[in-house]
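Here is the structure we will look at, set down as C-alpha cells.
The values are calculated or read from the model by the stated rules, or taken from the named source; none is laboratory data. Please read these numbers as outputs of a predicted model, since none were measured by experiment. Neighbour counts are summed over all protein chains in view; Cβ atoms, including those assigned to glycine, are modelled from backbone coordinates with ideal geometry. The area values use the complete protein model at the heavy-atom level, side chains included, leaving out ligands, DNA and RNA. Shrake-Rupley method; radii C 1.70, N 1.55, O 1.52, S 1.80 Å.
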Amino acid sequence: MTASDAARGFASLAVHAGQDADAATGAVIPPVHFSTTYAQDGIGGLRQGYEYGRSGNPTRTALQVQLAAIEGGAHAFSFASGLAAEDALLRAVLQPGDEVLLGNDVYGGTHRLISRILGPWGVRLRVVDMSDAEAVRAAVAERAPRILWVETPSNPLLRVTDIADLAAVGHDAGALVVVDNTFATPALQQPLALGADVVVHSTTKYLGGHSDVVGGALVLDDDALAERIGFLQYAAGAVSGPLDAWLTTRGIKTLALRMQRHSENAAAVAAFLEGQERVARVYYPGLSSHPGHEIAARQMRGFGGIVSVALESGEAARRFAESTRLFQLAESLGGVESLVNYPDAMTHASVRGTEAAVPVEVVRLSVGIEDVDDLLADVEAALAR
C-alpha cells in the first residue's frame, strides 16, 4: 500500500493524492516532467498513454488526481488559467441559443467571457441575485437555463448561496449546476457533495497559494461530460505547463493549514472593521450580522480569507485602498501575503454599467497569513489616513 492509498482525510489527500514516490529513485517528491514528446514502443505503442505534451503530461496528471481527490470528484482537468477552464466547460456544454443564469455578484472575468466572447456566438446571459433563492426560482421558472452558475461566497460582496437548495432547483429545470469554489476552496466547502455537477477553480488563488502561478481547474463526476471537456483540453490546448502544475500541487499540500490561518485572520479583521465609525458595512460570512451566515456555517467548515468593506464614499474607498502598507495594492487574491483591491477600477472594471457592477465605495481585502496584530494595525492606520 502506498501513502496515497492510505490517505483518507482532506489534509492527507491534499498531501498524498497523485504524489506516490518516484518508482525509479524513491524520491518522495515526484519529478517535474518537462518533455514535450514521448518515445513510443512501436507506432502507437504509448507508454502509460503519453504521446505529446498537450495531450498528456505526468506532472499534470498528478495534479489532476490530486484535484479530483480533494474535491471528491471522479474527474479533474487542469488548465492554463481559471478563465481557460471556464471557457472549456462552457464550450463543452453550450450551443447557440442556450442561456447561462449567472449571479449578479461574480468575478468580472466570468461575466465578460459569457457576455462578450460567447455572446456574439449566440449564447445568452441572464443575471439574478443567487443569494435570493426565491428570485432564482422565479428566474428558472420564467425560462430554464442550460447552466445555473453559482459563485459562493461571491466576488467581491461575499454573498452566500445555498448550494444544495439551488442544485435541486437547477436539476428540476434540467440545468447543469456549476459552482465556482475559488473563494472557499475544497478545504472549507465541497460543492459536489452538496449536489453541484461541476466545480470551477482559479487555482491561481488559494490552491496555488503563493501568487507565483496562474492556473484553473474543473472537477466533476459525469463521465460523458468529462470526455467532452478532456477533448477540448487536448484539441484547444489551454493546458497547464509542467512547472505550473507542479507549483500548484506544492501549494495544495499546505492548503488545509493556510485556509485555517486565512480564516482566523480574516475573522479578526472583519470584527475590527465592523466596529469602526467610518465603515458603512463589512461583508464577511463569518459575522453573525451577515445575511448568509447561517447557510455558510452549515455548508462550510470555515469562512475564508476574503473581507470586503464599504467605506463612506467612493473617494474614501480609494484613499483607504491606497493607504495600507502591509496590505499591498494589487489584483488577485488567495496568496500568503495580504492584498487590497479596489474592484470598481481593478478586477471588476469590465462590468461597470452592468447588473454585476460593484459599488464604488467597496474595497476587497485578501487577508494573508501574517501576524494578525500587524494586519489590524495596518487597517487601523489606513482608516486614519
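Note that the chain presents 41 Å² accessible area per residue, ligands and nucleic acids not counted, probe 1.4 Å. Ranking 15, 93, 332 by Cα position along the charge dipole of the chain, where only Lys, Arg, Asp and Glu carry charges on their C-beta atoms, puts 93 farthest toward the positive end. Pairing the Cα long axis of helix 242-252 with the longest principal axis of the chain, what angle in degrees results, from 0 to 90 and rounded to the nearest 10? The angle comes out at about 50 degrees.
Principal semi-axes of the equivalent ellipsoid, √(5λ) from the alpha carbon gyration tensor of the chain, are 34, 26, 18 Å from largest down. When the Cα positions of 362, 164, 284 are compared along the charge dipole of the chain, 362 comes out farthest toward the positive end, with charges on each C-beta of Lys, Arg, Asp and Glu.
When the residues 111, 171 are ordered by accessible surface, computed with a 1.4 Å probe over the protein chains alone, the sequence from largest down reads 171, 111. Per-residue accessible area for residue 2 at 1.4 Å probe radius, Å² rounded to 10? Surface open to solvent at residue 2 totals about 60 Å². Using alpha carbons only, how many degrees (0 to 90, rounded to 10) separate the axis of helix 58-71 from the longest principal axis of the chain? For 58-71 against the chain, the angle is about 50 degrees.
Maximal additional length on extending the residue 210-residue 37 stretch stands at 59.3 nm, based on 0.36 nm per residue less the C-alpha distance. When 329, 13, 46 are compared by accessible area of protein heavy atoms, the largest-first order is 329, 46, 13, using a 1.4 Å probe. Residue ranking by accessible heavy-atom surface, 1.4 Å probe, largest first, among 361, 312, 151, 294 comes out as 294, 312, 361, 151. The solvent-accessible area of residue 38, taken with every protein chain present and a 1.4 Å probe, is close to 50 Å².
Computed from Cα positions, the angle between helix 255-274 and the longest principal axis of the chain comes to roughly 10 degrees. With all protein chains in place and a 1.4 Å probe, the accessible surface of the chain carries 52 percent carbon and sulfur.
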